[in-house]
Amino acid sequence: MAPPADPFEITDDPVAADPVPARRALASTAHLDGLNEEQRQAVTHTGGPLLVLAGAGTGKTRVLTTRIAHLLITGQTRPSQVLAVTFTNKAAREMLDRVASLIGGAADGMWLGTFHSVGVRVLRRHAELIGLKSNFTILDTDDQTRLIKQLLQAEGIDDKKWPARILSGIIQRWKDRALTPEKVSADDAGDFAGGRAADIYRQYQARLADVNAVDFGDLVMHCVTLWQQHPDVLATYHNRFRHILVDEYQDTNVAQYLWLRLLAQGTPNVCCVGDDDQSIYGWRGAEVGNILRFEKDFPGATIVRLERNYRSTPHILAAASHLIAHNEGRLGKTLWTDSKEGERISLRGVWDGDEEARTIGEEIEALQRDKHKLAQIAILVRAGFQTREFEERFITMGLPYRVIGGPRFYERQEIRDALAYCRVTVQHDDDLAFERIYNTPRRGLGESALRTLRMIQRAQKISLFEATRRALETDELKARPRKSLGDLIRGFERWRAMLDGMSHVEVVETILDESGYTDMLRMDRSPEAEGRLENLKELTNALQEFDSLPAFLEHVALLTDNAERSNGDMVSVMTLHAAKGLEFDSVFLPGWEEGLFPNQRALDDKGLAGLEEERRLAYVGLTRARKRAYVSFAANRRVFNQWQAAIPSRFLRELPTDQLAESSDAGLYATYSAGHHGGLREQASGFDYESLGVASGRRTRWRNETADDRRAVEGDKIDLSIGQRVFHQKFGYGRIVAVDGNKLDIEFEKAGSKKVLDSFIEAA
């Protein structure tokens, strides 16, 4: 029996096979049924470059796949003359299935895949021209890091100070820009490894060639190099492809842009589909400028705007369009729909993150009572650390949820590591926790030292911690691991002693600092490092809610147990970046505050470009909603054990008031519209929240400072006698049952008995 045909085989004759002659002869137009005018224009366009600006929910995928089918059905090209590229294997499979459905069978011979999968096909055929064999290996991230570590060690570079994983990320970013080692400038190289990063990159590429391997970034960069250095090879692909189609063009990086420009020299029939308003991946190399200069790159190009939205209500679309119109770097389009008006956008101001999580939880419960499926509800946050308060609230409420695009808060690596330190501090005999972090951060402790400790543990039937302590009294360990383990054991003993005289929050902060864990993340230059540090800060915020470290650890254990039991219909919690391409009936958008959203780091690093990408992220968030969108912001956020006053995001001022629900905090606009964009952070402490008129729990009142500050201004003297009914921002209404100086015992109506400071309460 003959082996099945290789779908990736490259024949010498690009037009030798035509699997759809009979279907083409019929020239059916059924595939055009149901397309609107603009979609039909994009699908049937003939001759010359085409840019399809496809707004959110306008049927982008349908247009792209139908265009491919139209080219085949009408005989304008053969499958083997079509190249279509997208960004994920899943998208490529879906496109292939849709095309097959439209043409009534498989389009054998068509090249459809990701940039990287197509790159593999090219490189395997011409591997010898770039110094490889056709059976080259593609290294994964771990292999890349291990190889770079070997090179650093061979050069005598301290891989603790200059981690291999960080250099691997730097090299991949160079490859995203198609920078081979000789093209990396001194400015590009920076001071990593004492300015020797470019040299290590050169050695890394040479080593890859020696072992007949490439990494992920090479799959596109090597194609660019191949085609630039071998015009005859490029010419074979010019002769092969009559039509080139690119999906999600706004997300292409420099290397992918050069790849396309080289390939497109052979045909005028280049069709790129994308949305400049949804370019949100600049942090991983995407260049929105690629789509913005399409007309310059491809003179005479036709631009078709898909503006009819099939997803959201008119109010949501109007608000999103008004918001994104504030960006200067865009080609311009306005989404519209002929669907029913639906609900206006809800805008809510709250006192802090806890109240934000509580009110959103209550709103979701109300939707659930109205038979709203939880699977059609999403909470989209700007930063990963924001999920913690929602996760804890939902578990307390018994509301099922899932975190999309990443682990739950307490399952994240840095949180598990920090909790392991806490567990060993509280209970020295916790072997699993001790083993997790005994060499994290790295202390030069390998498997040999661990085997020695385990032998002592088993022989004497003691814990690993105690085995370590006893090993330090012998010569079983070499000098370096003995010193490292001695420092670690003394650290745990010191931290445990601190729990008797210091706040447990301060103790945990001390543990993270003295263990070197915080410094490890600060030295990490990967894009994820800042988010991991933010998660540690959020962990200390969570500690504030508990009287002791053991109580907190018990709470986390119960949370994890409850979370693992959740299944079925669940609320989705994710970052805005992870939400692109998804849609839900109801979307909650919390944390719209300056510094958080727009993110201050994005503004500091990229200025106006960073602000515009943040605004595109807000646009993406709003357009995920089909029927309802809820935006919220808080007056205060606790950051690393410190309360910080916050002010509403500038994006709120850019939402049109006529698209907001009547119950929204409309008073915001009169005050905020007079604000200045520059220096908003400095205005925070003096911002006039009172004039905003926004709801906080049951009361319509904002607080700038403590109740004591307010009394000094207002002359509002509070009776602190037993029996007095009072109000607390977090715990609500209650009555004083005992007074001890400035400390009050209050029996709250919902929160139960609590001890609080008098500065945080007011007369009810």
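When Arg532, Arg494 are checked against the criterion of being closer than 25 Å to Ile395 by Cβ and of a type in the set (Lys, Arg), Arg532 stands alone in meeting it. For the range 11-23, the condition of being at pLDDT 95 or above and in a loop (DSSP other than H, G, I, E, B) holds for none of the residues.
One line per residue, one yes/no per condition, for (1) in contact (Cβ under 8 Å) with a residue 40 or more places away in the chain; (2) β-branched (Val, Ile, Thr); (3) out of contact with any helix residue (DSSP H, G or I) (no Cβ under 7 Å at 6 or more places or on another chain):
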{"position": "Ile130", "(1), (2), (3)": "yes, yes, no"}
{"position": "Ile148", "(1), (2), (3)": "yes, yes, no"}
{"position": "Arg177", "(1), (2), (3)": "yes, no, no"}
{"position": "Glu182", "(1), (2), (3)": "no, no, yes"}
{"position": "Asp187", "(1), (2), (3)": "no, no, yes"}
{"position": "Phe192", "(1), (2), (3)": "yes, no, no"}
{"position": "Asp218", "(1), (2), (3)": "yes, no, no"}
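For Ile316, the conditions (1) open to solvent by 30 Å² or more (accessible area, probe 1.4 Å); (2) assigned to a helix (DSSP H, G or I) all hold with the exception of (1). Residues that are outside any helix (DSSP H, G or I), open to solvent by less than 10 Å² (accessible area, probe 1.4 Å) and not hydrophobic (A, V, I, L, M, F, W, C) do occur in the range 198-215. Which numbered condition in (1) in a helix (DSSP H, G or I); (2) in contact (Cβ under 8 Å) with a residue 40 or more places away in the chain is the only one that Arg525 fails? With (1) in a helix (DSSP H, G or I); (2) in contact (Cβ under 8 Å) with a residue 40 or more places away in the chain applied to Arg525, the lone miss is (1).
Scanning the range 301-308 for residues that are surrounded by fewer than 18 Cβ atoms within 10 Å (Cβ to Cβ) and either among the polar types (S, T, N, Q) or in contact with a Pro (Cβ under 6 Å, 6 or more places away or on another chain) (or both) turns up at least one hit. Scan the range 129-167 for residues that are open to solvent by less than 20 Å² (accessible area, probe 1.4 Å), outside any loop (DSSP other than H, G, I, E, B) and closer than 18 Å to Pro441 by Cβ and the total you get is 4.
Out of the range 216-233, which residues are surrounded by fewer than 18 Cβ atoms within 10 Å (Cβ to Cβ) and at pLDDT 95 or above?
Thr225, Gln228, Gln229, His230, Pro231, Asp232, Val233
The set of residues from the range 268-299 being open to solvent by 10 Å² or more (accessible area, probe 1.4 Å) and either of a type in the set (Gly, Ala, Ser) or part of a loop (DSSP other than H, G, I, E, B) (or both) comprises Pro268, Asn269, Tyr281, Gly282, Gly285, Ala286, Glu287, Val288, Gly289, Arg293, Phe298, Pro299.
Among the strands (runs of 3 or more DSSP E) lying completely within the range 600-706, list those that include at least 3 residues that are within 19 Å of Phe588 (Cβ to Cβ), among the charged types (D, E, K, R) and at pLDDT 65 or above.
Numbers: elements: 625-634, 636-639, 642-645.
Filter on the range 600-706 gives 625-634.
The residues of the range 216-252 that are within 24 Å of the chain's Cα centre (by Cα), assigned to a helix (DSSP H, G or I) and closer than 30 Å to Thr74 by Cα, listed by number, are Tyr249, Gln250.
Taken over the range 607-642, the criterion of being of a type in the set (D, E, K, R) and open to solvent by 30 Å² or more (accessible area, probe 1.4 Å) is satisfied by Arg626, Lys627, Arg628, Arg637, Arg638.
Counting only helices (runs of 4 or more DSSP H) wholly contained in the range 370-453, the ones carrying 1 or more residues that are over 21 Å from His555 (Cα atoms) and either open to solvent by 30 Å² or more (accessible area, probe 1.4 Å) or in contact with a Cys (Cβ under 9 Å, 6 or more places away or on another chain) (or both) occupy 431-437.
Restricting attention to the range 528-546, which residues are open to solvent by 20 Å² or more (accessible area, probe 1.4 Å), touching a residue at least 12 places away in the same chain (Cβ under 8 Å) and over 24 Å from Pro163 (Cβ atoms)?
Quick first cut of the range 528-546, residues open to solvent by 20 Å² or more (accessible area, probe 1.4 Å) only: 528, 530-534, 537, 544-546.
With touching a residue at least 12 places away in the same chain (Cβ under 8 Å) added as a condition, the list becomes 530-534, 537, 544, 546.
Gln544, Phe546, listed by residue number.
The values are calculated or read from the model by the stated rules, or taken from the named source; none is laboratory data. Predicted, not measured: the structure shown is a model, and the values here were computed from it. Neighbour counts are summed over all protein chains in view; Cβ atoms, including those assigned to glycine, are modelled from backbone coordinates with ideal geometry. Keep in mind that these areas ignore ligands, DNA and RNA; they rest on the heavy atoms of the full protein, side chains included. Shrake-Rupley method; radii C 1.70, N 1.55, O 1.52, S 1.80 Å.
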